[in-house]
1. TYR277 fails exactly one of the following numbered conditions: (1) at pLDDT below 90; (2) under 25 Å from VAL240 (Cβ atoms); (3) out of contact with any Gly (no Cβ under 9 Å at 6 or more places or on another chain); (4) outside any loop (DSSP other than H, G, I, E, B). What is the number of that condition?
2. Over 21 Å from GLY6 (Cα atoms) and at pLDDT below 75: does that describe LEU110?
3. Does region 318-366 hold any residues that are surrounded by 15 or more Cβ atoms within 10 Å (Cβ to Cβ), aliphatic (A, V, I, L, M) and in contact with a Gly (Cβ under 7 Å, 6 or more places away or on another chain), and which are they?
4. Name the pairs whose Cβ atoms lie under 9 Å apart, with the first residue in region 348-363 and among the polar types (S, T, N, Q), the second part of a strand (DSSP E or B), and 6 or more positions between them or separate chains?
5. Looking at (1) at pLDDT 85 or above; (2) assigned to a loop (DSSP other than H, G, I, E, B); (3) of a type in the set (D, E, K, R), which is the one condition that is false for GLU190?
Amino acid sequence: RLLDQGANREQILGAARELGQLAGADSTAWVYFAGHGAASPEDGEAMLVGVDAWGGAIDSRSVRLAELRGEMARGGARFVVLADAGFAGLGRDGTELLSGARIAVPVSVLDRSDDVIWIASEAERAPATLAPVEHGAFTYLAVGAMRGWADGFVDGAPDGIVTGAEAQAYVANAVRELGLAQRPELWSGEGELTRGAEEGPLLSGGEADWVASYEIRAEERRVAGVKLQVESLEVHAQRVAERTAAFQTQARREWLGIKSSLLPDTTGLFLASRDFYKTWSDFVVTIDGVEVPVPVPEAELALEISLGARLEREDWTSPTTGYRMAHVPAGTYIVGRPGREREVDLDHGFWIGETEVTVKMWSEAFEFAEKDAAVEVRCAESDDRHCLSNHYMERQRDGYGCVYNKDPDGLNFAPTKCLRCPVDGVSADNIMNFLAKMTRLDGIDGRYRLPTPDEWEIAARAGKEPVAGQGDGPRSVGGRANAWGLMGMPGNVPELTEEPG
């Protein structure tokens, strides 16, 4: 939490309390304070001076380290305080805030062996500003030390871990090399402070040369990082190309083997093509932790064969009405909504109409002569939907049908849309009569029926993603066909199915 424009006692303690509630026993609670410090006139304990603490109110308007620790100890977290402040009662410009006294840190403040209190300067010295970077010297050096500048400073053996001792030794040496009078102090913190391996600047030649050397090092690191990133991308691209080519070769060999061994056997080729498509259509390989799709051109060919698009089609055309029906072969198919999908085994294929049953087909099946029909209109573009015959005496208000008063087959309802629009709004009894009449007219071995829900979905999917019957019509039948050759499956008017058995 950042407290701008200075912070008073209540704000400092409130932020510490909030941090203590968030930090658990296995975490580290960091407090960074840039401002003024002082030793308590009563007992010399180190205090962080509030923005409104002046004159006789310094003691009462400041925050003792013990108070700060008490608020942050609620969750049992490790306690780390970095205070870019001197405790001599002096500001950075030497202005006296409170008569100097040697500061003390109560033992109770350091509840854990890995707690850390690190201050910019002991009581006798005021903290300095590092002019070239316009920042407090302690802050700049301490942050650099924790980023890795201090790694190995004590024993000359960098290991990527910065200890409190290494950080303190590095910063103390740096302020001496830079000719600064302050003396940072650290309590506890003998163990690991942070982890970092960044190389620091050369500590010689004064502030200007030191900052310049750091900027040079920083630019060198940036260039090296960009180069490494480019090299990494090039290596990754090469690996992707090699692995992708290897899998594509494997898929191509498998496909050639399927075709050469099963081409005369259409059933075997269908099943093998279906399995090949399942394996290779969305094949993904993980390279350097990145999922990479592998395009396999043969997978689309396998889909076409598995759907019968390149096998001899066994389609059926009604000799009475010319209604075309596509054949869906036997096999194992996936149906159901995402997350609730299941396999369905068809031990025999079935035929299903390439389009919905049209008004023209319906009327012909019941011997409604086309010559008696009114002028055909495009139902998607007109609100004036005419009745098919002048025998229809009454048109329903919604325009979906007309009452027919002289129907010899006992049908009292028929659609009113354009001749190429699908039939809808008819009763279940009328549908059963229509199917029975078509069976008699065509003289087929078996019977016409509605598809089951599973059959409808298998036909609508055609090996692709799930679809849902969402009527967006009515409109003339036709349009783009799916892989089975079926049109308007998920669109136009809602379609009826029947439960098996």
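1. (3)
2. yes
3. If the condition is that a residue be surrounded by 15 or more Cβ atoms within 10 Å (Cβ to Cβ), aliphatic (A, V, I, L, M) and in contact with a Gly (Cβ under 7 Å, 6 or more places away or on another chain), then MET325, ALA326, VAL328, LEU346 are the ones that fit.
4. Hits for this filter: THR355/ARG324; THR355/PRO422; THR355/MET487; THR358/PRO422; SER363/ALA414; SER363/PRO415.
5. Unmet for GLU190, out of (1) at pLDDT 85 or above; (2) assigned to a loop (DSSP other than H, G, I, E, B); (3) of a type in the set (D, E, K, R): (1).
The values are calculated or read from the model by the stated rules, or taken from the named source; none is laboratory data. These numbers were taken from a predicted model, which means no experiment stands behind them. With ideal geometry, Cβ positions are generated from the backbone for all residues, glycine too; neighbour counts draw on all protein chains shown.
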